[in-house]
Amino acid sequence: MEPKEQFGRNLREARGRLGISQEALAARAELHRNAVSMLEREERDPRLDTMVKLARALDMELSALLKGIE
């Protein structure tokens, strides 16, 4: 599995556990909703600063979003 595929799955699952929309996550992370959508659909490779923003917005360690990526 490609890293962006695993990241997208991890992101979707983390957001789902919190029960928030892509729009709410984007607002928390100060990103555009389309950016969150593209990451979850595995259409875009995340930048480091974007990953950090998302982890903070989800109140989790960045390593949790990278779980399963080798």
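Each row is one residue, and each column tells you yes or no for (1) assigned to a helix (DSSP H, G or I); (2) of a type in the set (Asp, Glu).
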{"site": "10", "(1), (2)": "yes, no"}
{"site": "20", "(1), (2)": "no, no"}
{"site": "27", "(1), (2)": "yes, no"}
{"site": "31", "(1), (2)": "no, no"}
{"site": "36", "(1), (2)": "yes, no"}
{"site": "39", "(1), (2)": "yes, no"}
{"site": "43", "(1), (2)": "no, yes"}
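Taking the criterion of being out of contact with any Asp or Glu (no Cβ under 9 Å at 6 or more places or on another chain) and more than 12 Å from residue 40 (Cα to Cα), the residues of the range 3-20 that qualify are 17, 19, 20. The number of residues in the range 15-36 being under 20 Å from residue 1 (Cβ atoms) and either polar (S, T, N, Q) or over 12 Å from the mean Cα position of the chain (by Cα) (or both) comes to 0. Evaluation of residue 60 against the conditions (1) assigned to a loop (DSSP other than H, G, I, E, B); (2) more than 16 Å from residue 18 (Cα to Cα) shows that the sole unmet condition is (2).
Rule-based calculations on the coordinates, nothing more; no lab input. Computed from a predicted structure; not experimentally measured. FYI the Cβ positions are ideal-geometry reconstructions off the backbone, even for glycines, and counts take in every protein chain you see.
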